[in-house]
Amino acid sequence: MKEIHKRISSQWDLPIREEKLLQTIRVSKEALAEGQRETTMEMWEFLYQQSRFIRKRWWLLQGILLAALWWLLEQAVSEAQLRQCMGVAAPLFVILAMPELWRDRNADAMDIACTTYYTLRQVYSARLSLFSGVDLLLLSLFLSAGAWGGSFTLWEGMIQFVLPFSVSSCICLKCLYSARGTSEAFSVALCLTFGGMWTMVVSNETLYRRITLPVWVAMLSLSFAYLGYSVARGQDNIKEMMEVKPLWN
């Protein structure tokens, strides 16, 4: 403040009263805050704005993957093949969303993102909401088509695809929000490793048959609960976990 006082006094050769200067700064801040409140976008408008920055080819590729999986399931001659196809496709479905979620981090743009009017939490909330909405729509269409066509029952789709999808999403989010700076490649490797392990389990008929219905229900419920926890935890601590020093927000 003293430095500002000296600069203004030396430039204009006028006596500056510090209390008046502080009052002017305070009024300016209030005016800026009032203007920002008046121009704040509605939630749906903000989501639409953020959707324009997402490259739609990833959603297209996710749709193509599900269409190809549905075709393969139509050709499957055994339940084991059905489970293997779903076990491989579920992590790949999640991996196709990673480039957009990791884009700012891969470009080292997190510090720049922190200088924007909207916070990192709001931006990532919008991205996750958009991907969740589109993925939910795609999965609903896929499960409905499979159940209607007789390729698998709705329950089989939930266990064989939605469960590994949910676990892969947890892995992706834990890596994304990690303060250790894990890379996208590391997250992809973990998802593929889990997919391989999952495929080995469901391909083993003896082991697979020993898993009872209550166990499947418990695993599915736990995966959903932990996925919700991962999102909430990451959003609450996003600035610290991204290891950035926000300038304004």
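The values are calculated or read from the model by the stated rules, or taken from the named source; none is laboratory data. Everything numeric here is computed off the predicted structure, so don't read it as measured data. Cβ: placed from backbone, ideal geometry, glycine included. Neighbour counts: every protein chain shown.
A few points about this structure:
- Qualifying residue in the stretch 16-32 (condition: in contact with a Gly (Cβ under 8 Å, 6 or more places away or on another chain), at pLDDT 70 or above and of a type outside the set (Gly, Ala, Ser)): no
- Of all the residues in the stretch 131-156, those that are crowded, with 18+ Cβ neighbours inside 10 Å and within 25 Å of the chain's Cα centre (by Cα) number 6.
- Residue match in the stretch 80-103 (condition: assigned by TED's automatic domain parsing to the domain that holds Leu143, modelled with pLDDT under 60, hydrophobic (A, V, I, L, M, F, W, C) and in a helix (DSSP H, G or I)): no
- Filtered by the rule that a residue be free of Cβ contacts under 8 Å to residues at least 60 places away in the same chain and under 23 Å from Phe194 (Cβ atoms), the stretch 47-77 gives Trp58, Leu61, Ile64, Leu65, Ala68, Leu72.
- Cβ-Cβ under 7 Å pairs, at least 6 apart or on other chains, the stretch 215-239 side over 20 Å from Arg121 (Cα atoms) and in contact (Cβ under 8 Å) with a residue 60 or more places away in the chain, far side in a helix (DSSP H, G or I) and among the hydroxyl-bearing types (Ser, Thr, Tyr): Ser223/Ser166
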